[in-house]
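Chemist: Can you keep this structure in mind? I'll have questions shortly.
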């Protein structure tokens, strides 16, 4: 036999790297590799590195599995290996890195240099960069401007509503702007209401976002002028509220929140018998249109059902809500809503609305894993630091920042700020390097407090971890960012063990058929339970396994996601 034998590159501490390709004479074996390259790496070191063989058609693959069961393996490594040897990982990938948060010492590393899809663990990079680049006191704003004079209460020209990327603007904020305009003496606009979202580029959806997610609240269009329907701040969406009719067969009643004239509802849903399924009612927006179709059935006597649906061209939606607020204040706009750019050189500001500071935005952003907040921050970083309000520029800023925090950006790929893109690839080493480094930042405690807290049922405390690891040593201890896509789950953050030692960890699992979420939780509980003085009994993952993956392409830990 001739040619070469391929295997993953091996780089042991104090040894030159081996590039992963060897000449083949007869059979290619690790034993032969040890003999031929004894000046580089001994057989003992190769075994200690946790290298094992797996026979495959056409040759042998060398695969790192973390520490193998041997004399120099720590008790913690042994228990973590038991958890990660779960059969759900056959044919799939898992990596886990655990480090001492104080010293950086690596306590466990299985495949920490491998690139996997992190899902919403991407937000660890985005949020840290935003705090470091924009600062905790950064505020978004929305302006009302005019170029024409106001005489006797009448604006003789167009009124401009210009957004600067605020993902937390509510209907009440547009009402506030209308009140400010009234206070300024404006009673009539003899012109159009111009919706201006030119602060961001017009690339509405992220790289690689799935087309069948277009109507789903977690995949809303990114616009610098937009609107969230309530204080969970899912910007670019509208709430569809539905109630059953008075009798079986009657049409289901529907309401949009906030009320607006941009979205049209076509309701064919009917009332079903009491006790029938409540999940048979669907509200979806048609592709490329602001038409929401409500279909299916809803049981008689059912409570109000709430669904979030995205809006096509959110700047027009925001302007319509603002126009209604103006009308409620007695300010009539004689023209139409137009989509255009404000001539800033000749415009003057009549009213301004400011968002809460970034330090406060972090709570709904991280606790509830808000994808849109991540993307607004990315484009804003591009606008502020590079005068380019694009994903490419903003992600460049994120990469530049995390590189200063010890992340090898040559080994990762960020395709969006939220992790909704399946093109995002990062490593556990990169995540733990970031987590270790930002502990020194003056804003770290604020950022840390924004992470979901395991087992805490309060929505804006536990967030996406509210129901996980409850009533265990991890509850109200482990703080971490969750992540979930079909075939991908991740958890990365901090936990304090039983000895009082703070740990950082990153766990990612990809391409499984049965969700290993319970293994993820078991790892968290084990780390929280761990004591070097008295190691706890083995922690086992829940035996309850769900074979069906949720069709939701984002966080599935809390009720609204599905």
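Chemist: Residues that are in contact (Cβ under 8 Å) with a residue 12 or more places away in the chain and over 20 Å from residue 269 (Cβ atoms), at least 1 per element: which strands (runs of 3 or more DSSP E) completely within the stretch 285-349 meet that?
Modeler: Numbers: elements: 291-299, 305-310, 337-339.
Result: 337-339.
Chemist: Wholly within the stretch 351-460, which helices (runs of 4 or more DSSP H) include no fewer than the required count, namely at least 2 residues that are closer than 22 Å to residue 167 by Cβ?
Modeler: Fully inside the stretch 351-460 and qualifying: 358-367, 371-386, 391-403, 444-449.
Chemist: Let me ask something else about it. For the subset of the stretch 128-170 comprising residues that are part of a loop (DSSP other than H, G, I, E, B) and more than 27 Å from the chain's Cα centre (by Cα), which member is nearest to residue 316 (Cα to Cα)? Break it down into steps so the answer makes sense when it comes.
Modeler: Just the residues of the stretch 128-170 that are part of a loop (DSSP other than H, G, I, E, B), to begin with: 134-140, 147-149, 152-153, 156-158, 164-170.
Checking the rest, the ones that are also more than 27 Å from the chain's Cα centre (by Cα) come to 147-149, 152-153, 156-158.
Working: 147: 21, 148: 22, 149: 25, 152: 29, 153: 25, 156: 22, 157: 19, 158: 15 Å.
The residue in question is 158.
Chemist: Restricting to the stretch 187-214, count the residues that are farther than 24 Å from residue 363 by Cα, at pLDDT 95 or above and in contact with a strand residue (DSSP E or B) (Cβ under 9 Å, 6 or more places away or on another chain).
Modeler: Going through the stretch 187-214 one residue at a time, the tally reaches 13.
Chemist: Which one of 188, 156, 151, 202 is in contact (Cβ under 8 Å) with a residue 40 or more places away in the chain and farther than 23 Å from residue 356 by Cα?
Modeler: 188
Chemist: Further, regarding this structure: Among the residues of the stretch 217-230, what is the count of those that are part of a loop (DSSP other than H, G, I, E, B), under 18 Å from the mean Cα position of the chain (by Cα) and surrounded by fewer than 24 Cβ atoms within 10 Å (Cβ to Cβ)?
Modeler: Residues flagged as part of a loop (DSSP other than H, G, I, E, B), under 18 Å from the mean Cα position of the chain (by Cα) and surrounded by fewer than 24 Cβ atoms within 10 Å (Cβ to Cβ) within the stretch 217-230 amount to 1.
Chemist: Would you pick out the residues in the stretch 410-432 that are closer than 16 Å to residue 400 by Cβ and out of contact with any strand residue (DSSP E or B) (no Cβ under 9 Å at 6 or more places or on another chain)?
Modeler: Within the stretch 410-432, 410, 417 qualify.
Chemist: Hey, another quick one. Being buried (at least 18 other Cβ atoms within 10 Å of the Cβ), touching a residue at least 24 places away in the same chain (Cβ under 8 Å) and touching a strand residue (DSSP E or B) at 6+ places or on another chain (Cβ under 6 Å) narrows it down to one residue among 118, 167, 136; which is it?
Modeler: Values: 167 fails: touching a strand residue (DSSP E or B) at 6+ places or on another chain (Cβ under 6 Å); 136 fails: touching a strand residue (DSSP E or B) at 6+ places or on another chain (Cβ under 6 Å).
Just a single option satisfies the conditions, and that option is 118.
Chemist: Restricting attention to the stretch 236-247, does a residue exist that is under 24 Å from residue 326 (Cα atoms) and in a loop (DSSP other than H, G, I, E, B)?
Modeler: Filtering the stretch 236-247 down to residues under 24 Å from residue 326 (Cα atoms) leaves 236-240.
Now restrict to residues that are in a loop (DSSP other than H, G, I, E, B): 236.
So far as the stretch 236-247 goes, yes, one or more of its residues are under 24 Å from residue 326 (Cα atoms) and in a loop (DSSP other than H, G, I, E, B).
Chemist: Continuing with this model, one more query. Can you name every residue in the stretch 333-354 that is closer than 20 Å to residue 321 by Cα, out of contact with any helix residue (DSSP H, G or I) (no Cβ under 8 Å at 6 or more places or on another chain) and crowded, with 17+ Cβ neighbours inside 10 Å?
Modeler: Hit for the stretch 333-354 is 342, nothing else.
Chemist: Working only within the stretch 237-253, note down all residues that are surrounded by 20 or more Cβ atoms within 10 Å (Cβ to Cβ) and over 10 Å from residue 298 (Cα atoms).
Modeler: 237, 238, 240
The values are calculated or read from the model by the stated rules, or taken from the named source; none is laboratory data. Predicted model, so just to flag it, every value in this text is computed and none were measured. Positions of Cβ are backbone-derived with ideal geometry, glycine not excepted, and every protein chain shown enters the neighbour counts.
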